[in-house]
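*Asks:* Questions regarding the structure given below will be posed in turn.
What follows draws every value from the coordinates through simple rules; no lab data is involved. Remember, predicted model here, so these are calculated numbers, not experimental data. Glycine also receives a Cβ, built like all others from the backbone with ideal geometry; neighbour counts cover every protein chain displayed.
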Amino acid sequence: MKDGNVKKLIAKEKKRQEDSINLIASENIVSKDVLEALGSVFTNKYAEGYPRKRYYGGNAIIDELEELAISRALNLFHLSPETWNVNVQPYSGSPANLAVLHALIPLGKKVMAMDLAMGGHLSHGSRVSVTGTLWKQVPYGVDKKTGRVDYNNLFKIAKKERPSVIIAGGSSYARIIDFKKFRKVADSVGAILIVDMSHVSGLVAGGVYPTPFPYADVVMTTTHKTLRGPRGAIVFSKKELSEKINKVVFPGIQGGPHENQIAAIAVALFEASKPSFKLYARRVVKNAKVLSEELKKLGWEIVSGGTDTHLFLLDTYARGISGKKAADALEKKGIVVNKNLIPYDTRSPLDPSGIRIGTAAVTTKGMREKDMKRIAKNIDLVLKELS
Ligand code: DSN
């Protein structure tokens, strides 16, 4: 690379990633092949439209690429193209959610979704997201005692508020979501059910987390978390909804798709279909369970008491330490986490009561249970200093 400045920054970031223990639950480390596709000549091409319906010439190979990505997405999640449509063009998760909501419900209608502090996501109608200004969020949460979704309460909220859409899934909920129950809640009020499986899609692909597809009308996932691809998103929708969604993705809110990103998504989907990815997914969850158990043994409070996934929330404020203070101190020692709101948090998102911990990236690095025990001890040592 001739640009010495960027070259130096890439080298520095590479070293930072190599030297630190990355416990950010939404991050991962992609393969060389994914990086190669991302840095390929596909970045030079404009391809507004969809396969075989493009606005620019020169797209025959791009069409092949996008169709390959689509068929791999269908195969990975065992879906029939008769029932499901796949859109691999969303730039990332938030625009994907915006597109889906815009396609499916009129402005001003109600979106029932997990409150941000309870584990939800900004783009599910949170006040500070554009989705919260276009639609009215009806929030649901977790039970204060168990830290888990209270399904009886979901029925009550849905009956009272009669939302047009219900979203299951979020960004810091550590437990298995009962998609069948969500379907029942949605059916009880005639709502559309969207599952945002961004965090767990790699676990679904790896067979260690239940698939939402038998129950959802739309499933959205980002591609860069447990799925271990490039940044990006995929929207799966039932055939009868797909035309509307495709129209909002393009030309509604996006222009030309990032075909280099789609190439890298195709590579990631190929990698996720291998038996080794199943083993990876199992290890991710095992590592998260071991890490949370070890921290519990050391006296730290884990929201919901543990995890079924790649992530969990540690309530640092239970021992008088704010999430920001904890995250900053850990980073100084080379352990990178993010500060995070916890359910019923009374503090602010910039200095909340907890930290979120995830094992997708460290598992990719090859770490196993014994490493989790060591990491737990180190987290304990750093945080104890602060209490
Ligand atoms: N920022 C992502 C996360 O950390 O979960 C979601 O968009």
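*Asks:* Taking the chain as a Gaussian network, where each spring joins two C-alpha atoms under 10 Å apart, which residue of Leu23, Leu203, Leu104 fluctuates the most?
*Replies:* Sorting by GNM fluctuation, first place goes to Leu104.
*Asks:* Then there is this: Given the peptides 94-103, 36-45, 7-16, arrange them by the average over their residues of other C-beta atoms within 10 Å, most packed first.
*Replies:* Most protected by this proxy first, the peptides run 94-103, 36-45, 7-16.
*Asks:* What does the net charge come to around Pro257 if you take all other residues with beta carbon closer than 9 Å to its beta carbon, with K and R at +1 and D and E at -1?
*Replies:* Surrounding charge for Pro257 is -3.
*Asks:* Would you list which aspartates and glutamates come within 15 Å of Lys373, measuring only between C-alpha atoms, while excluding same-chain residues fewer than 8 positions from it?
*Replies:* Leaving aside aspartates and glutamates fewer than 8 places away in the same chain, those within reach of Lys373 are Glu293, Glu294.
*Asks:* With an 8 Å cut-off on Cα pairs and a minimum separation of 6 or more residues, tell me the relative contact order of the chain in percent.
*Replies:* 23 percent
*Asks:* Tell me, Leu193, Leu313 in order of fewest to most beta-carbon neighbours within 10 Å?
*Replies:* In increasing order of surrounding Cβ atoms, one gets Leu193, Leu313.
*Asks:* Provide the per-residue ³J(HN,Hα) series for region 173-186, in order, calculated from phi with Karplus coefficients 6.51, -1.76, 1.60 and θ = phi - 60°, each as a whole number of Hz, with x at glycine and proline positions.
*Replies:* 9, 8, 9, 5, 8, 8, 5, 5, 5, 4, 4, 5, 4, 4
*Asks:* Rank these for me by crowding, Ser20, Ser322, going from fewest to most other beta carbons within 10 Å.
*Replies:* Ser20, Ser322
*Asks:* If you don't mind, another one. Over the Cα atoms of region 17-141, how large are the radius of gyration and the largest Cα-Cα distance (Dmax), in Å?
*Replies:* 18.3, 49
*Asks:* Next question, about the same structure. Kindly flag which residue pairs out of Lys15/Lys384; Lys53/Lys239; Lys2/Lys332; Lys144/Lys365; Lys144/Lys238; Lys7/Lys225 have an alpha-carbon separation exceeding 24 Å in this structure.
*Replies:* Beyond 24 Å: Lys15/Lys384; Lys2/Lys332; Lys144/Lys365; Lys144/Lys238; Lys7/Lys225.
*Asks:* Please give, to one decimal in nm, the separation of the simple spin-label points placed at Lys377 and Ser276, each 7 Å out from Cα toward the Cβ.
*Replies:* Each label point is offset 7 Å from its Cα along the Cβ direction, giving 3.0 nm.
*Asks:* May I pose another question? Determine the gain in length on full extension of the stretch Thr83-Val128; use 0.36 nm per residue of separation and subtract their C-alpha separation, reporting nm with one decimal.
*Replies:* In short, 12.7 nm is gained.
*Asks:* Take Ile355, Ile265 and order them by how many other Cβ atoms sit within 10 Å, fewest up front.
*Replies:* Least crowded to most crowded, the residues run Ile355, Ile265.
*Asks:* Bin width 5 Å, origin at 0, all Cα-Cα pairs of region 256-387: what percent of pairs per bin?
*Replies:* 2, 11, 18, 20, 16, 11, 9, 8, 4, 1, 0
*Asks:* Whole Å is fine, so just give me how far the alpha carbon centre of region 320-346 lies from that of region 25-91.
*Replies:* Cα centres, region 320-346 to region 25-91: 36 Å.
*Asks:* Bin width 5 Å, origin at 0, all Cα-Cα pairs of region 66-126: what percent of pairs per bin?
*Replies:* 4, 15, 19, 17, 18, 15, 10, 1
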